[in-house]
Amino acid sequence: PYAAQASLPGQPTSVAWYRGRFDVPEEGDVPAAWAVYLPFFYQGGQIWVNGKLAGNVPESTPAVRVRWERPQLFSLPPGLLQPHGNVLAIRAAAAPTSAVQYFPQVTVGPLADLQPSADRRTFWVRTMPQVTVVVCLLVAGFMLFIYWRRRSEVR
C-alpha cells in the first residue's frame, strides 16, 4: 500500500505508474484462470500485464469525479501469462488537487483464490452500508409508528 500527497500546492496533479514482476507455476500446475485484485482503486486507471491492456477502470473527467471504493478484480486472458518474468504495470489516474494519492496492495493469483477476498470486501464496502440504511429506516419508521399511536400521552 502507498499513500502520498498527490501534488505540491499550486502544482498540477499527474498520473502515477506502479510496476512489479511475478512468476506463475509451470504449465502443468497453472490454474485455469488468473486475476489481478485491488481492494480499491480510488481514481481509476489501467492494468497492463506483459505490455497488454488487461483492465480499465473509468477515471474522473471534468464533468464527473469518481472514487472507486469497491474492489476491482481483473481476470487475465488465457495465454497472456508466461512462466517467469511477467510484468504488471498499473497506471493510476491523477488525484484531485490537494488530495492524497492512495494505492492499494495488489494481489496476483488464481481467480478462485482471489474471488472470496473480492466478495468479502464488496460485502463490507457496498452491501453492509445499504443494509445499515435499510435497518435505520425501519427503526425510524417503527419509532414514528409508536409516536403516532401514543402521541396523546404526555408527561
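Taking the longest Cα principal axis of the chain as reference, the axis of helix 111-122 is set at about 30 degrees. Comparing Val125, Val135, Val87 in a Gaussian network model of the chain, where Cα atoms under 10 Å apart are tied by springs, the biggest mean-square fluctuation is seen for Val135. Computed over the alpha carbons of the chain, Rg followed by Dmax gives 22.1, 78 Å.
Accessible surface of the chain, 1.4 Å probe: 59 percent of it comes from carbon and sulfur atoms. Please grab the % of Cα pairs in the range 73-155 that end up more than 18 Å from each other. Across the range 73-155, Cα pairs with separations above 18 Å total 70 percent. Surface analysis of the chain yields an accessible area of 66 Å² per residue, using protein heavy atoms and a 1.4 Å probe.
For the chain, take the longest principal axis of its alpha carbons; what is the angle in degrees between that and the long axis of helix 128-149, to the nearest 10 within 0 to 90? The two axes meet at around 0 degrees.
The values are calculated or read from the model by the stated rules, or taken from the named source; none is laboratory data. Predicted model, so just to flag it, every value in this text is computed and none were measured. SASA here: full protein model, heavy atoms, side chains in, ligands and nucleic acids out. Shrake-Rupley method; radii C 1.70, N 1.55, O 1.52, S 1.80 Å.
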